[in-house]
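J.: Below you will find the structure I want to go over with you.
The values are calculated or read from the model by the stated rules, or taken from the named source; none is laboratory data. None of the values given here were measured: they were computed from a predicted structure. Glycine gets a Cβ as well: all are built from the backbone with ideal geometry, and neighbour counts include every protein chain shown. The protein model used for the area step is the full one, side chains on, heavy atoms only, and it has no ligands, DNA or RNA in it. Shrake-Rupley method; radii C 1.70, N 1.55, O 1.52, S 1.80 Å.
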Amino acid sequence: MNLWFETITVTASVASGLVSIVVTMLTWFFSKKSMRSKLHEAQEEEFRRALGSDKLTEIGSYLDKNIGNFNLYEYVSNPNVSNKIDIYLEKVRSFVGTDTEVEQQAKETKSLPKIKERLHISDPFDRILTELRSGETWTALARLRRYIEINLRKIAKAQDIPLERATAGQLLNILSRRGLIPGEILLNLRYAIAVCNKAIHGVEISWDEAEAAVLNANFALGKLKQAPELNHNSG
Amino acid sequence: MRELSMKELIDLVVAEVPEAETRIQKMFEWYFERVKIVSQWFLAAAASLSISVLVTFFRGGSKLVWWQNILVLFLAFATATPGLYRLRQLRSLNRQFVAALKLYSEFKKIKTFLIRYREATR
């Protein structure tokens, strides 16, 4: 056999063999590297910040940019990825509610409860109303629901009821069953929470409905603050 | 086709594609066939290379010296590597299909929110 021909074929064979192995290994290596970097980007802390921001765009962009970057192969082949995505999805789902939950709650917003006493509108309600006027309905009502939730959680804490993970609606139900929410304000709070849930879920809310939710919450929480027996441990 | 991303599943939900589950199934069937064929090509090439070397070697009619035989076997192994890698990917395809349907249904539960978000960022 010609020496040149032999050298060229041997070199070409070895080179193509090595290229094939190296390319496969690089594909594997880069897919692992990309999975690690995506996991790093989808940090728990960042997710909490997104959910705590009360901004539609921040929660949505977290889903798009962090969760959205994972692919199905990564989801099924890495338990860390699937756990993270499942937990995040569950948290987002519980934050924005499902169609069925919102449909059920929509019934509660059909009749407008009476506000028995006109209370002064103070912070944060005036800030929420300003946001509503500027067209930031989602942000305003997400903020309102968070404020209601914080206040109900304070009552639960003051009464030594462990409800760390409960939503605003669940907190209200549990506290009212224990007789900790006066009957005169229960409907007002239920109405405000239901309107907020509808808005956060993405349902179109009219100005009247949104304003009524703020006024009902202002009245109900104002009344709750006037009941010192409910707040004695809250500081 | 590269693997479906979560963002693409969200896009399917937001676009309200009719019979999306059937389309996902079709996509996976097509993907499965394609990966299977590519992997078969690599493995068949590797098998024919190694069989031809081994048969001529054991029959004693080979004109290749020992290192050339090893070189061809190495080449066969190198050809088989991408095929085996693809085959490994294929094993997870059923699980990927089930995961796609499960995640699609999860995203569908927050469809209204996702649509509202996309409208806000448009």
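J.: Averaged across A:15-22, how many Cβ atoms of other chains sit within 10 Å of each residue's Cβ atom?
T.: On the way: counts 0, 3, 9, 3, 1, 10, 7, 2.
Per-residue shielding by partner chains comes out at 4.
J.: In whole Å, what is the distance between the alpha-carbon centres of region A:95-149 and region B:1-47?
T.: With region A:95-149 and region B:1-47 each reduced to a Cα centre, they are spaced 43 Å.
J.: In the protein assembly as shown, carbon and sulfur make up what percent of the accessible area (probe 1.4 Å)? Can you show the working numbers first?
T.: Details: 11460 of 19770 Å².
C and S atoms contribute 58 percent here.
J.: Keeping all protein chains in place, calculate the accessible area per residue for the protein assembly as shown (probe 1.4 angstrom), answer in Å².
T.: Numbers: 19770 Å² over 357 residues.
On a per-residue basis, the protein assembly as shown sits at 55 Å².
J.: What is the average number of partner chain Cβ atoms found within 10 Å of a Cβ in B:94-106?
T.: 3
J.: Of all the C-alpha pairs in region A:98-142, what % are more than 15 Å from each other? Show your work: numbers first, answer last.
T.: Numbers: 635 of 990 pairs.
In whole percent, the long-distance tail amounts to 64.
J.: Provide, in order from the shortest bin, the percent of all Cα-Cα pairs of region A:47-153 in each 10 Å bin, continuing until the bin that contains the maximum pair distance.
T.: Histogramming region A:47-153 at 10 Å steps yields 12, 32, 33, 16, 6, 2 percent.
J.: Follow-up. Any of A:K198/B:K26; A:K107/B:K7; A:K65/B:K102; A:K33/A:K55; A:K84/B:K36; B:K36/B:K63 with alpha carbons more than 28 Å apart? Name them for me.
T.: Check vs 28 Å cut-off fails for A:K198/B:K26; A:K107/B:K7; A:K33/A:K55; A:K84/B:K36; B:K36/B:K63.
J.: Roughly how compact is region A:100-215, stated as its Cα Rg over 2.2 N^0.38 Å to two decimals?
T.: Relative to the 2.2 N^0.38 Å estimate, region A:100-215 comes out at 1.03.
J.: For region A:181-204, state which residues have at least 30 Å² less accessible area in the presence of all protein chains than in their chain by itself, taking the probe as 1.4 Å and leaving out ligands, DNA and RNA.
T.: A:H201, A:G202
J.: Can you give me the Kirkwood hydrodynamic radius for region B:1-46, using every pair of distinct Cα atoms, in Å to one decimal?
T.: About 12.2 Å for region B:1-46.
J.: Per residue of A:86-99, what is the mean number of Cβ atoms on other protein chains within 10 angstrom of that residue's Cβ?
T.: 3
J.: Same structure, new question: Using only the alpha carbons, work out the radius of gyration and Dmax of the protein assembly as shown in angstrom.
T.: Values for the protein assembly as shown (Cα only, Rg and Dmax): 30.5, 106 Å.
J.: Quick check on the protein assembly as shown: helices-only [θ] at 222 nm, where DSSP H runs of length 4 and up contribute -39,500 (n - 2.57) each and the sum goes over total residues. Nearest 500, please.
T.: Numbers: 16 runs with 269 residues, N = 357.
Rounded to the nearest 500, it is -25000 deg cm²/dmol.
J.: Take the Cα atoms of region B:1-96, build their convex hull, and give its volume per residue in Å³.
T.: So the per-residue Cα hull volume is 93 Å³.
J.: Grab the alpha carbons of region B:44-90, take their convex hull, and tell me the volume per residue in Å³.
T.: Residue-normalised Cα hull volume stands at 59 Å³.
J.: Can you give the accessible area of A:M35, probe radius 1.4 Å, in Å² rounded to 10?
T.: 10 Å²
J.: With a ≥ b ≥ c the root eigenvalues of the C-alpha gyration tensor of region B:73-122, is it rounded (a/c under 1.5), prolate (a/b larger than b/c) or oblate? Write down the numbers at each step before the final one.
T.: Numbers: a/c = 11.27, a/b = 2.89, b/c = 3.90.
Cα axes put region B:73-122 in the oblate bin.
J.: As I understand it, the value is the acute angle between the Cα axis of helix B:111-121 and the longest principal axis of the Cα atoms of chain B; what does it come to in degrees, rounded to 10?
T.: Result, in degrees: 90.
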